[in-house]
Amino acid sequence: MNPSTLGITLRAARSRLVHALDLEPSVAGLEAQALLSHVLNRPRAYLLAHPEAVLTDADQVQFDTLLARRERGEPIAYLTGQREFYGLEFLVTPDVLIPRPETELLVDLALEQIPHDTPMRILDLGTGSGAVAITLAKLRPQAQVTAVDASPQALSIARQNAERLATANVSFIESNWFSVLDESNRFELIVANPPYVAENDPHLAQGDVRFEPFTALTAGAEGLDAIRHIAQESPRFLQVGGHLLFEHGYDQEAFSRDLLHSVGYVDIACYPDLGGQPRVTGGKKP
């Protein structure tokens with residue numbers, strides 16, 4: 001095998017990703033850097049500062065293997081095993097959804113409801129990697145966060161993330177939404193990033209979502225089954241004056257508002273993401 005420098009390797013990889021995935025060159029370049037950083041266990045700054053450094057044969061083989069998998073569409077996060085969310089690094093595997101920037105809005109809105117110095121009980125439904133629950137617990141150490149998921153594999157990842165991020169005020173329970181929870185122990189805040197994609201949505205055959213867990217993405221023919229269940233069942237698990245916040249699709253605002261109104265929530269509001277799309281709806285239990 002002919003040795004190759006970091007600079008040559010990155011340029012070749014960028015070109016391959018542009019052609020294989022129709023990426024913008026700048027995006028392809030960042031992806032190539034992410035993969036090579038992972039292989040070498042070096043920051044991206046090192047790659048840029050040492051373009052003349054030569055890869056070992058073993059590193060070249062590992063990089064080429066990951067690059068080929070990326071060319072077939074596998075998400076970068078699954079190839080490197082991690083994804084940054086709200087400034088924290090989370091382990092991710094194909095057992096969990098990849099945390100997305102849009103979901104940081106859910107965290108922003110939740111933090112507004114949680115005082116810094118007051119104990120609160122918070123429930124995170126469908127926690128997946130634990131990104132939302134752990135971030136809230138990390139930033140509000142007086143809060144007690146309970147995170148539930150129906151997948152034992154997802155909960156294993158979430159527990160590892162909590163341990164890695166030294167977050168002691170979060171606990172994890174295997175539960176299909178509220179199924180094993182005791183409604184006598186109520187929460188001041190419930191948050192959820194539930195599945196909300198329709199089962200026949202053509203986007204499911206495109207991009208990263210092809211490799212993500214189907215049940216964590218889809219919720220019935222219209223993508224509304226999980227949202228409907230959460231809205232209808234959540235009042236029994238909320239304190240009076242408590243809040244519900246959940247993420248949803250860009251075209252599900254009206255349904256979400258009407259649903260919360262129908263089950264008795266007040267002060268209902270919808271919040272846009274950075275792209276201006278309706279993304280999170282919430283309300284208060286009167």
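Some points to look at:
- Of all residues in the range 251-286, those satisfying the criterion of being small (G, A, S) and surrounded by 17 or more Cβ atoms within 10 Å (Cβ to Cβ) are S256, G282, G283.
- Long-range neighbours under 8 Å by Cβ, at least six apart or interchain, first residue within 22 Å of A110 (Cα to Cα) within the range 189-218, second surrounded by fewer than 14 Cβ atoms within 10 Å (Cβ to Cβ) and of a type outside the set (D, E): P195/T215
- Filtered by the rule that a residue be touching a residue at least 40 places away in the same chain (Cβ under 8 Å), at negative phi and either in a loop (DSSP other than H, G, I, E, B) or small (G, A, S) (or both), the range 164-188 gives L165, F178, L181, E183, N185, R186.
- Selected residue (criterion: surrounded by the fewest Cβ atoms within 10 Å (Cβ to Cβ)) from residues of the range 1-42 that are assigned to a helix (DSSP H, G or I) and among the polar types (S, T, N, Q): S26
- Output for the range 100-130, where each listed residue is in a loop (DSSP other than H, G, I, E, B) and either β-branched (V, I, T) or crowded, with 24+ Cβ neighbours inside 10 Å (or both): I114, T118, G126, T127, G128, S129, G130
- Taking each residue of the range 91-120 that is in the same structural domain as T215 (by TED's automatic domain parsing) and closer than 15 Å to T281 by Cβ and looking for partners that are among the aromatic types (F, W, Y) and not in a loop (DSSP other than H, G, I, E, B) with beta-carbon atoms closer than 7 Å, six or more apart or interchain, yields L105/Y271; L109/Y271.
- Every test in (1) surrounded by fewer than 18 Cβ atoms within 10 Å (Cβ to Cβ); (2) among the hydrophobic types (A, V, I, L, M, F, W, C); (3) farther than 16 Å from L189 by Cβ is passed by L139 save one, and that test is (3).
The values are calculated or read from the model by the stated rules, or taken from the named source; none is laboratory data. The shown structure was predicted, so the numbers you read here are calculated from the model rather than taken from an experiment. Here Cβ is always computed from backbone atoms with ideal geometry, including for glycine, and neighbour counts include all displayed protein chains.
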